[in-house]
Every structure is written in C-alpha cells, then in structure tokens.
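Read through the structure below, which is laid out as structure tokens, and then see the notes.
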Amino acid sequence: MTTTDDAQAKAADLGVTETKLKHIEEARKAKKRFVMWVALVWVGIFALLLLVFNQFNLDFKFMLKYLPFIMKGVGTTIYISIFSIAFACLLALFGALGRLSKNPIFYGAATFYISVIRGTPLIVQIFVIYLGLPQMGIVISAVPAGIIALGVNYGAYMTEIFRAGIQSIGRGQIEAAHSLGMTYAQMMKRVVLPQALRLTIPPTGNEFIAMLKDSSLVNFLGVWELFFRAIKVGRQNFRNMETLIIAGLFYWLVTIIFQYFQSRLEKRMAKGTQKASGMGH
Amino acid sequence: MEPIIIIKDLKKYFQHLLVLDGITTNIMPGEVVVIIGRSGSGKSTLLRCLNVLEESQSGYALIDGIELPIGQKRTREVRKRIIEIRTHMGMVFQEFNLFPHRTIIDNVIEGPVIVKKEDRKTAIARGEELLSWVDMIEKKDYYPDQLSGGQKQRVAIARALAMEPKIMLFDEPTSALDPELIGEVLNVMKRLAEEGMTMLVVTHEMGFAREVADRIIFLGEGGIIEDNPPEKIMENPDHEDTRLFLNHIL
C-alpha cells in the first residue's frame, strides 16, 4: 500500500470514529434528559403526596419525638429478614432436590410441603407455629417462631427458584461427572450446585426485599420490630397516621438501599458471565 | 490373551424402540475399534451402555473383569460396581462437557481428588503431566470458556486419562469441532493408541480409522452388519450396505 492510500484510509477511519463519537454523545445526552425527567416526576408525585398527607393534620412534633423509638425496630426487621431468608434458602434447596428426586419419599415430602405452604396464608402459618405448637407442648418464643414461619413460607415459594437453577445445568456435565465415577451426591456438590446456586443469588435478593416487608406480620407475636413499634405508639397517642408514615418511610428506605445492592450484584454477575463466554471467541 | 471387553447379545430399548438388537463382540487389550453407522444406528448408545449412562435391558457384558449390571436393582453393591466400571473406562463426549466453573487443571484433577480421594498435590503433578502430554499446559489456569473447541476436547481427554482408565470411549469426539481443529484432537488420539490404550471410537473420520483402527464395526439397525479390518472394510467390504454407507460419507 502506498503512503497516500494509507493517509486516505486513516482519514476515512477518523471520519468513522467522529460520527461514532457524535452518536455516543447524543445517546448520552438523551439518557441524561430521561433521568432528569424521571427525577422530576418522582419529586412532583412526592410533593403531591405530602400535600395530601397534610390534610391529616399531622403532628410533626410528635413524629420527631417518636422517630428514634420507631427507628429502633429497623434493626430487628432486618435481622429477622436475614435469618428467615437464610432458613428459607436451606429449605428451598432441599425442596428443590426433593422435587427433582426420583425417590417417591423425597418427591412426596417436597411436593406436600410446597402444596400445604402455598395453600395456606402466611399469617395462619405464623399463628400455628406461635400459638398452635404450644398446645402440643412445644413453646417457641416470638422471634424464633417468626423466623421459622417466614422461613418455612418463603422456602416453599423459593423451591422453584432453586429448582430452575439446578435444572439449568446441562445434562452433558452431569454425564461427564458420572463418567468420572462420581456418585449423585458428589456430582451435586461439586458440579451442579456451585453453578446452580450462583444463578439463584439475584432472585433470592428479590425474595429478601419482599421478606423485609412481610416480616411486619410478626408484629402479631409481639416482636418489637418496625411495624410493632409504630402501631404501639400510634395507638397509645391516637396518632396512627403519623407513626404509620414513619414506619412506611423506613421500610421504603431500607428497600431502596437493598435494591441498590441487589441491582449492583445482578450487574456484576451478568458481567461475569459475559466475560467468561466472550473471551474464547 | 483374554479380551478386556466381552459383550454377548446386548439389547437396549428406548420405550418400545429396539436400539441395540443383540450386540456380540470381544475387544482385546490395546485394540482400537472404530464404530461407524448411520445416525440412529445405536453407535453412541452402545458406548453409553458400556459405562451405564444408559441402562441395557438384556444380555451380558464383562468389562475388565467386572460384570455390567443388566436388569438389576440399583442396590448399594450395584451402584458401587457401576462406579468401578466407570473408573476403569474414560469417556470423551462430542460436546466436551468440561466443568465451566473450574479451571483447566481443576477439571483434570476433579476425578482423582474426588472419586479416588487422591492427595491434591499428587493429582496436580499428574494432571500437569497429562496437560503437557495433550499440549495444554500453558492454559492450565484458564477457564473452559476461554478455549477453542479443539483445546477443550484435548483437556477433556486429559481429564478422562487422569483416572488412569484401561479403556477409553470416544463418542464422536470431533463432530462438534470446526474443520481446522479436528486434526489436533485426532493427533492426541493417535498418540494414545500408539501407547497401547484400548479404544472404542465412534467417528466418521475415515482417515483416522484407516490409519489407527485395528477393526471397524459397521452398525446398522441395532446390530453389527460388518466387523473387519479397515483395509477390508474400506476397499472390499463383505456387505453391499457397508459400501453404500462408505460411498455416502467419503
């Protein structure tokens, strides 16, 4: 190639990158505009909401006074949710293995568990464990009872998440594991579960965020979590709207925070798979 | 010399479909047998029945002195026997089936460490030797998704060899590869044959078959139509059907 050809090629190349840059710049601007508008809409609706709430004759002094008392429940709410989701994951794992088992005992036990739990309200399950079990002589205090009930309930729903994760691992890998002489347990532990569990992390994050709110049901057991504290002071002072707003805001805030981590986690994991599958080609 | 594999009247059904209709053959230690046949002729199924990835319904097979469990309940003893059979036999798949969440070296030592409870260090030393042998040692800390198909298949061969099997089964090992990558895999297989490994290979690479195989078995409709040395089969087959098939694939 001669030098003039080279120069021409370079110029053409430059032209391409310029239009490309311009295009990228425009796309960025459009995105910025969109985000700004969304923020504006949020602020607008929020202001409107405040306006509506103002009609309730809210006692802001009262709200400020009891804010710290109600806020103390946030920690309880979060830790009940964490223990419950951990317990739920364990049950969901066994539930999923049972659902996929060819053994009628394991399959039967798993499907029965899922059917009963999905077929009855969470609040009934909570009361059965807290109020029903003592009739059999089993007394569980409020917090563990709440954790067990929430865990058992979410575990049944999350069985599907774990089952999908396990089933997404290809038949070929399972056969390769068997052909090396692995037992079913070795194959599950070494090949299927490490990959399957990774896939269940993002949907489990979603379940956790839902759990944060459902954990408010354990207030019926007298657990001093966020919602319990809110209605307690609310009723005592006939200022229910104020305390409910405080509790609601805290639930919302905690959800936003965990949702942020959740979406970061999801992005990171998506990147991981892209990297892994992209590099070979 | 005793045969290392004895197969007598082996039958396999998928529901009501008879896939293997009484296979009978012996394979001697160190023999390389290439199995050819039309799709659906049962060639992959035969390999899969031998290491019990598929269950056979009747007949008899002895693999390196261990009787293949046929029509038996999966008791503890039978399960143990199946694992023993599998550890005597390495298998290489068309789709490689490496474990994507583990590095190359970890793929190779997985069998020795987990199944044979071998010490990790010993397994790594031997694994690295094997990876050098298949010319993949530089990639030992890569993940499978970072390799080409040919590289993956060479690692898969090393993984199977790490169990120190006496027999190697190859189920269409080059069918999923781009044409330019087939040679590197066939080369490894050729070297393995030269080292005296007993090999059962399902493939349509007739160049490889002619050069390496001791026998070619032509399967059709679940049975052995012809079982002859490569020269005989490729130049002057006993059966018209064999000639038709070879004309078609060559």
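The values are calculated or read from the model by the stated rules, or taken from the named source; none is laboratory data. No experiment lies behind these values; they were computed from the predicted model shown. As a convention, Cβ positions derive from the backbone with ideal geometry for all residues, glycine included, and neighbour counts pool all protein chains shown. To get the accessible areas, we keep the full protein, side chains included, count just its heavy atoms, and leave off ligands, DNA and RNA. Shrake-Rupley method; radii C 1.70, N 1.55, O 1.52, S 1.80 Å.
Here the spin labels are modelled as points 7 Å beyond Cα on the Cα-Cβ line, and at A:GLN55 and A:ILE201 they lie 4.7 nm apart.
Put A:MET188, B:MET28, A:MET211, A:MET136 in order of accessible area, highest first, and with a 1.4 Å probe you get A:MET136, B:MET28, A:MET188, A:MET211. The distance linking region A:130-149 with region A:212-266 is 23 Å (Cα centroid to Cα centroid, whole angstrom). Counting only whole DSSP H helices of chain A, the ones at least 24 Å long by C-alpha along their axis and with mean Kyte-Doolittle hydropathy no lower than -1.0 are A:3-54, A:60-99, A:142-167, A:193-214, A:240-278. Restricted to Cα atoms, the protein assembly as shown shows a radius of gyration and a Dmax of 32.3, 103 angstrom. When +1 charges are put on Lys and Arg Cβ atoms and -1 charges on Asp and Glu Cβ atoms, the dipole computed for chain A relative to its Cα centre reaches about 260 debye. Farthest toward the positive end of the dipole of region A:73-280, out of A:ALA110, A:GLN186, A:GLY137, is the Cα of A:GLN186, where the dipole comes from beta carbon charges about the Cα centre. Per-residue SASA remark: A:LEU217, around 50 Å² accessible (1.4 Å probe; ligands, DNA and RNA not included). Of interest is the spacing of the C-alpha centroids, which for region A:20-65 and region B:176-250 amounts to 71 Å. Computed over chain B, the per-residue total of -39500 (n - 2.57) for DSSP H runs of n ≥ 4 gives a 222 nm mean residue ellipticity of -11000 deg cm²/dmol, rounded to 500. Scanning residues 5 or more positions from B:VAL32 or on other chains, those with amide H under 5 Å from its amide H are B:MET199, B:ASP214, B:ARG215, with H placed 1.01 Å from N in the peptide plane. Taking amide H positions as modeled 1.01 Å from N, with prolines and chain starts lacking one, the residues under 5 Å from B:VAL19 and 5 or more places away or on another chain are B:LYS12, B:TYR13, B:PHE14. Working ranking of peptides B:164-171, B:86-93, A:202-209, A:168-175 by packing, defined as the average number of other Cβ atoms within 10 Å per residue, highest first, is B:86-93, B:164-171, A:202-209, A:168-175. Tell me, what is the FRET efficiency for A:VAL43 and A:PHE238 to the nearest 0.05, using R0 = 25 angstrom and their Cβ-Cβ distance as r? Step by step, r from the Cβ atoms, then E = 0.20. Computed on the Cα trace of region A:73-280, the radius of gyration divided by the Kirkwood hydrodynamic radius gives Rg/Rh = 1.06. Taking a ≥ b ≥ c as the square roots of the eigenvalues of the Cα gyration tensor of chain B, is the shape rounded (a/c under 1.5), prolate (a/b larger than b/c) or oblate? Oblate shape, in that a/c is at least 1.5 and b/c is the bigger or equal ratio.
For region B:142-151, putting each phi into the Karplus relation 6.51 cos²θ - 1.76 cosθ + 1.60 with θ = phi - 60° gives couplings of 7, 9, x, 5, 8, 10, 7, x, x, 5 Hz, in residue order, rounded to whole numbers and with x for Gly and Pro. Accessible area per residue was computed with a 1.4 Å probe on protein heavy atoms; A:THR111 scores about 40 Å².
The order of B:THR75, A:THR159 by accessible area, most exposed first and with a 1.4 Å probe, is B:THR75, A:THR159. Kindly provide log₁₀ I(q)/I(0) values, in the same order as q = 0.14, 0.25 Å⁻¹, from the Debye equation applied to equal alpha-carbon scatterers of region B:178-250. The Debye formula, applied to the Cα set alone, gives -0.47, -1.20. Rounded to the nearest 20, the Cβ-based charge dipole of the protein assembly as shown about its Cα centre (Lys and Arg +1, Asp and Glu -1) stands at 3580 debye.
Taking the average, over residues, of other Cβ atoms within 10 Å as the packing measure, peptides A:24-32, B:172-180, A:80-88 rank A:80-88, B:172-180, A:24-32 from highest down. Across region A:73-280, the mean sequence separation of Cα contacts (distance under 8 Å, 6 or more residues apart), normalised by length, yields a relative contact order of 25 percent. Computed over the alpha-carbon pairs of region A:147-189, the distance histogram in 10 Å steps reads 25, 35, 25, 14, 1 percent, short to long. In order along region B:21-30, the phi-based Karplus estimate (6.51 cos²θ - 1.76 cosθ + 1.60, θ = phi - 60°) of 3J(HN,Hα) comes to 10, x, 7, 9, 6, 10, 10, 8, x, x Hz; Gly and Pro are listed as x. Give me the net charge for the shell around B:ASP135: Cβ to Cβ below 9 angstrom, other residues only, Lys and Arg +1, Asp and Glu -1. Spelling it out: positives minus negatives among the neighbours equals -1. Summary of packing: across the peptides A:113-121, B:54-62, the per-residue average of other C-beta atoms within 10 Å ranks them, highest first, as B:54-62, A:113-121.
Springs between Cα atoms under 10 Å define the GNM used for chain B, and in it the highest mean-square fluctuation of B:GLY111, B:GLY42, B:GLY71 occurs at B:GLY71.
What spacing in nm lies between the two simple spin-label points modelled at A:PHE106 and A:LEU253, each 7 Å away from Cα in the Cβ direction? Placing both labels 7 Å along Cα→Cβ, they lie 4.6 nm apart. Axis of helix B:179-194 versus longest Cα principal axis of chain B: the two differ by about 90°, to the nearest ten degrees. Among the residues of A:167-179, the average count of other protein chain beta-carbon atoms within 10 Å of the residue beta-carbon is 6. Mean per-residue shielding of peptide B:76-87 is 2, counting Cβ atoms of other chains within 10 Å of each Cβ.
Distance between the 7 Å Cα→Cβ label points at A:VAL35 and A:MET71: 2.9 nm.
The mean number of partner chain beta-carbon atoms within 10 angstrom of a residue's beta-carbon across peptide B:88-101 is 5.
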